[in-house]
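Trainee: Pasting a structure here, questions to come.
The values are calculated or read from the model by the stated rules, or taken from the named source; none is laboratory data. In this text the structure is predicted, and so the values were computed from the model without any measurement. So basically every Cβ, Gly included, is an ideal-geometry build from the backbone, and we count neighbours across all protein chains shown.
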Amino acid sequence: MNVGRILVGFTVIAAAIAGAALWYTAERAFYIPVSFTPGQEIRLVSVATGQPEPIVVQGIDGVDADSSPIKFRACFTTPMSLATLTETYQVYPAAEPLIAPSNFPCFDAEAIGTALETGEAVAFLSEPEIHKGVDRVVAVFPDGRAFAWQQLNDAYKD
């Protein structure tokens, strides 16, 4: 009877440790702040040239991880209007914001996704094939709030 309790207790403790380790690796480990220096700024693909061009941004904050090409997230504002952006840069119709780690609260993927579905926000192609099979996408709201992430493109979707 005591051996059974010890085994159950050991199993519960081992599961709790494994769960904590899994949570830590998914939410905290590997993520590092991103510095947006010249050459690494937020860019959008021009309708005219088909090439990414830097855009004006303010108050940018971002995280990324080397462990996966789709862990990049950024929050910022832009003074550019949606009318100017949609006339100048390529819209990205298949935008699907990915959930950010809990310690990066400015990026609310659910709210961004809903805004994209309702037409409140517009998504733009930022960097095609930033990694093999991965595009960087930027969603912009009418008030200038903007969010960037990386998602799988058609190369890896069925």
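Trainee: Within segment 126-146, count every residue that is assigned to a strand (DSSP E or B) and touching a residue at least 60 places away in the same chain (Cβ under 8 Å).
Mentor: Residues flagged as assigned to a strand (DSSP E or B) and touching a residue at least 60 places away in the same chain (Cβ under 8 Å) within segment 126-146 amount to 11.
Trainee: Is it the case that segment 90-104 has a residue that's acidic (Asp, Glu) and free of Cβ contacts under 8 Å to residues at least 24 places away in the same chain?
Mentor: The answer is no; no qualifying residue exists.
Trainee: Also, quick follow-up: If you go through segment 104-115 one residue at a time, how many are farther than 16 Å from ALA74 by Cβ and either modelled with pLDDT under 95 or crowded, with 20+ Cβ neighbours inside 10 Å (or both)?
Mentor: The total comes to 1.
Trainee: Starting from residues that are surrounded by fewer than 20 Cβ atoms within 10 Å (Cβ to Cβ) and of a type in the set (Gly, Ala, Ser), keep the ones in segment 70-103 and report whichever is nearest to the chain's Cα centre (by Cα).
Mentor: Per the criteria, the residue is SER102.
Trainee: Within segment 35-63, work out how many residues are surrounded by fewer than 18 Cβ atoms within 10 Å (Cβ to Cβ), more than 11 Å from ALA146 (Cβ to Cβ) and not β-branched (Val, Ile, Thr).
Mentor: 13
Trainee: Quick one: ALA100 ticks every box in (1) over 19 Å from LEU82 (Cα atoms); (2) part of a strand (DSSP E or B); (3) among the aliphatic types (A, V, I, L, M) bar one, so which box is it?
Mentor: If we test ALA100 against (1) over 19 Å from LEU82 (Cα atoms); (2) part of a strand (DSSP E or B); (3) among the aliphatic types (A, V, I, L, M), just (2) comes out false.
Trainee: Quick check on segment 110-125. Is at least one of its residues free of Cβ contacts under 8 Å to residues at least 40 places away in the same chain and under 20 Å from TYR31 (Cα atoms)? Don't jump to the end; show me each part of the working.
Mentor: Filtering segment 110-125 for residues free of Cβ contacts under 8 Å to residues at least 40 places away in the same chain gives 110-121, 123.
Now narrow it down to the ones that are under 20 Å from TYR31 (Cα atoms): none.
No: segment 110-125 contains no residue that is free of Cβ contacts under 8 Å to residues at least 40 places away in the same chain and under 20 Å from TYR31 (Cα atoms).
Trainee: Here are some conditions: (1) at pLDDT below 90; (2) out of contact with any strand residue (DSSP E or B) (no Cβ under 7 Å at 6 or more places or on another chain); (3) among the β-branched types (Val, Ile, Thr). THR49 meets all but one. Which one does it not meet?
Mentor: Of (1) at pLDDT below 90; (2) out of contact with any strand residue (DSSP E or B) (no Cβ under 7 Å at 6 or more places or on another chain); (3) among the β-branched types (Val, Ile, Thr), only one is false for THR49: (1).
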